[in-house]
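The values are calculated or read from the model by the stated rules, or taken from the named source; none is laboratory data. Note that the coordinates shown come from a computational prediction; the quantities given were computed from them, not determined experimentally. Neighbour counts are summed over all protein chains in view; Cβ atoms, including those assigned to glycine, are modelled from backbone coordinates with ideal geometry.
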């Protein structure tokens, strides 16, 4: 087993293991913190796949943004300093059966499909090319995403702001 | 790493040299990172003493030099106390995360043209990204303490860090636009040629503002005064680490000072020429490169500025804190991005006065700001006294 | 540079909307008394300008923004329809005549309306998986916010929560499907995908294509509220402010059909053949037929027992999505024309019905059918107009709704005997629908009401708009040839590369 | 390492995300499940980009997904917070005014 494989298995174990904790943990706060390891594990896998820019993006936005937001969400929707942040589970058995079936189907798909093949080389150092694509071919989605962020920011602020006393 | 690799005898097998250099680097790095804070804390107490007309530590060792060592030893041997009802696993994990987040940035800091652990081509982005780990660590610490002041402190810290990250990114972007790369090493190389080509002194009235925005946001990101609301003693005891003691408290302390060092070092790399000497003649003595010396000197100077500010400026209120981030720094940052984008396009070689006029002007500007601030503080003190009377 | 200039010229409708959006956001920051009026004018001007720019794009066909989007007659039709829907909503529903919106901040509403319209247009022209997903999510996220517009209102909030969780889950599934599609074909551009699939594929890959189609359909099904992705629909339509409901029941649904058409016909059709021919990879008609039949039936049957009019119209809109889907099922030029005509008709009849419901709520504060008796005497204009809208929804000639049904049914029957059962299901459904629409009419006209309630006081503008919408349901039959010409001309999809 | 290894990890993430969606009552927890699904799709995209055609389309797609996820979570949490403010519960099945 070479080094790459070893790293891969470690990262995969972290990712999937902590994702399982996210879904199965009884305590909401454990789920949230386990999500941290999932995100970091996925970032590691991106690095292994040669997508360094994306790995940094993953850390910055998922860990620094989304996870922090989720943690705020967890804490603001419970009595503060309440250790027993239970997250109840319903219909556990049917859920497990469905997901196992889903996993089987997807795994089979992954194995059997003839995926588009290339020469197997990783795309060259990505940051510069990604930057140029953003300003070139992907200019429109790039600008559209900025409009989306503007609207989401405005909308989220509008929703949580208390009604004006006017 | 290459540097140490070169020092090892050439007749050893390659893998021994690589491994040896790696281990040596790691040992030196971790030791420096772990022992550095001892020095910084000592410096902080001395600076604080000087500012407040006190003497500062002086009993343990000559001039109190061993005071922090003694403190550290005390902390290490103190019993680790777990608050009642605290979540022990997370309670321990939290300081580790914070420290890891702070230390990971060192990986890309360039101490010399070849003295850098890894020259990632996303270096700057990486520095910003790994600091997010600390944010999560803070929240974890606050929550695991089972103490509402700790939790409030943690949430305030997190909100503050996330907010100030945005103006910091904006000012980073300007540098990235000028250099055309995210690699810290290339940022430093772009400032070759002595004092006058440091980014702080380019595009005269603009880059100083960028530097101020970045440094202010950086200051806020490591929760330093005047942005230390999350740890405000008078309101929240000590913020997220209220419940921590002993070794874990020491870890938070270490992380805080390490973060200060990282912010200072990154600021030096971005604006003060990194490992370049102020004049090319000072770059090396004989064959020994002085790169690390210059970088550390600059970083330490900036840390001194941080301490200076801490003991000079009054603390901001929470609403003022957010106001500064969203309504002052962010608009300035956005304007700067547009402005610098235009400048890079139209003046690729910089302004005419960049060479020998830019840096004295910049220094004069900072001097002017200093005087204005001093006046303002004196005035507000006088007013406070009058109001009290 | 040249390409960007050319793209910009063909992108003027979207640019007008973006400009108006940004201006509205800026104006909203001002602290002036004229602010609300200014924002309304800006919004209307932006929409009207956008519509005007659309006229300049007639007959243009081609890729813009390096293949991220296409401009073609079908896309243009949808753009006109979508902008028209927003324009009508902005004109007809005001903060004055809606009890739910009254007193809420106005700036965000106009900004959101413009943003949804912009994203709808992007969706109608998307030609790349990344753009498609981005546009779809833009529509969704802005809609979530619009549904939650009534601050402090539990129903609005709950509706929005259900909407966002359901939406995020189904678009997540869709994204997974898109990622697999990228894996199979190695490209994210729709023409590229068609080229790849046209070259033929192995059996294993074909099986995967089934999976992809199912996952991707989760996203489209969510947008068009097709069974089994319709669960959010009644709750959201009931909880959202009525103007928003009216808007959501028309515009994003139409955009969903636009993207569905483009994805299936532009992305999966056989190159070289007739544009309306799909690859033989999957038995598409059967999948779509089943969805269509189920959607109609579920919507109509559930609507039977409703007494809340918003909820009733929500279920009926699910059923109408099923009828529109009939046009897609036919997989022929006539089917597509049926879909176009049906959507046009649906726009005027559904908006009209919602407007009447809003006005009644404004006066009486109720959405409950049991409070409707005696309305004929109190508000004859509203009742007559409502009758027109409902008859149109039923599909009674000479209303536009009839023309819509006529075209889709004709397209399905024309496909051959194996499709006739579907037409039968459709006809049965129309009968069920006629029952509950008629029940509303009966309640309003025949049932004796409480005489103590005062007569309706309606603003002139509201009366005028109700009348305009009612006429819009009646008149088109007289110049149908023009409409049919337009529909026929819109049937071109840009399919080059 | 082959493509299939990564696809398996992503399939596991997807299945776990769906499990979270199906079994959790807490709205924030459901959001976490959705994040898992988005991450799994992103992992797919990047893996295909690396082992498939070697083009960057997958990575760029993934960047947009990350941005969209951020916007979506911001709006979703705003709504959850309002729900909590109005109802004192983050649980989904207690949000039940709309029925029928």
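How about the stretch C:327-383: which of its residues are under 20 Å from residue C:468 (Cα atoms) and not in a helix (DSSP H, G or I)?
Answer for the stretch C:327-383, where residues must be under 20 Å from residue C:468 (Cα atoms) and not in a helix (DSSP H, G or I): just C:379.
If a residue must be touching a helix residue (DSSP H, G or I) at 6+ places or on another chain (Cβ under 6 Å) and either at pLDDT 85 or above or surrounded by fewer than 22 Cβ atoms within 10 Å (Cβ to Cβ) (or both), how many such residues does the stretch B:267-294 contain?
9
Considering C:52, C:32, C:37, C:48, which residue is surrounded by fewer than 19 Cβ atoms within 10 Å (Cβ to Cβ) and outside any helix (DSSP H, G or I)?
Selected residue: C:32, the only one of C:52, C:32, C:37, C:48 that is surrounded by fewer than 19 Cβ atoms within 10 Å (Cβ to Cβ) and outside any helix (DSSP H, G or I).
Could you tell me which residue of the stretch A:129-162 is farthest from residue C:107 (Cα to Cα), considering only residues that are surrounded by fewer than 16 Cβ atoms within 10 Å (Cβ to Cβ) and facing chain C (nearest Cβ under 8 Å)?
Looking at residues that are surrounded by fewer than 16 Cβ atoms within 10 Å (Cβ to Cβ) and facing chain C (nearest Cβ under 8 Å), I get A:136.
Of (1) away from chain A (no Cβ under 11 Å); (2) in contact with a helix residue (DSSP H, G or I) (Cβ under 9 Å, 6 or more places away or on another chain); (3) modelled with pLDDT of 90 or more, residue C:32 satisfies all except one. Which?
Condition (3) is where residue C:32 drops out.
Output the number of residues of the stretch B:137-160 satisfying the condition of being surrounded by 24 or more Cβ atoms within 10 Å (Cβ to Cβ) and over 18 Å from residue B:228 (Cα atoms).
Total satisfying the criteria: 4.
Hand me the list of helices (runs of 4 or more DSSP H) wholly inside chain D holding 2 or more residues that are more than 8 Å from chain A (Cβ to nearest Cβ) and more than 28 Å from residue C:232 (Cα to Cα).
Numbers: elements: D:3-23, D:27-51, D:57-87.
The helices (runs of 4 or more DSSP H) meeting that bar are D:27-51, D:57-87.
If you check residue C:173 against the conditions, is it within 14 Å of chain A (Cβ to nearest Cβ), touching a helix residue (DSSP H, G or I) at 6+ places or on another chain (Cβ under 8 Å), under 30 Å from residue C:347 (Cα atoms) and modelled with pLDDT of 90 or more? I'd like the intermediate steps shown before the answer.
Numbers: within 14 Å of chain A (Cβ to nearest Cβ): yes; touching a helix residue (DSSP H, G or I) at 6+ places or on another chain (Cβ under 8 Å): yes; under 30 Å from residue C:347 (Cα atoms): yes; modelled with pLDDT of 90 or more: yes.
Criteria met by residue C:173.
Are any residues in the stretch B:264-294 assigned to a strand (DSSP E or B) and touching a residue at least 60 places away in the same chain (Cβ under 8 Å), and if so, which ones?
If we filter the stretch B:264-294 for residues that are assigned to a strand (DSSP E or B), which is where we start, we get B:284-285, B:288-289.
Listed by number, the list holds a single entry, B:289.
Based on this model, can you work out whether residue C:103 counts as within 14 Å of chain A (Cβ to nearest Cβ), on the phi > 0 side of the Ramachandran plot, touching a residue at least 60 places away in the same chain (Cβ under 8 Å) and out of contact with any helix residue (DSSP H, G or I) (no Cβ under 7 Å at 6 or more places or on another chain)? Steps first, please.
Details: within 14 Å of chain A (Cβ to nearest Cβ): yes; on the phi > 0 side of the Ramachandran plot: yes; touching a residue at least 60 places away in the same chain (Cβ under 8 Å): no; out of contact with any helix residue (DSSP H, G or I) (no Cβ under 7 Å at 6 or more places or on another chain): yes.
The answer is no for residue C:103.
Failed condition for residue D:48, given (1) crowded, with 24+ Cβ neighbours inside 10 Å; (2) within 22 Å of residue D:7 (Cα to Cα); (3) without any contact (Cβ under 8 Å) to a residue 40 or more places away in the chain, with all others met?
(3)
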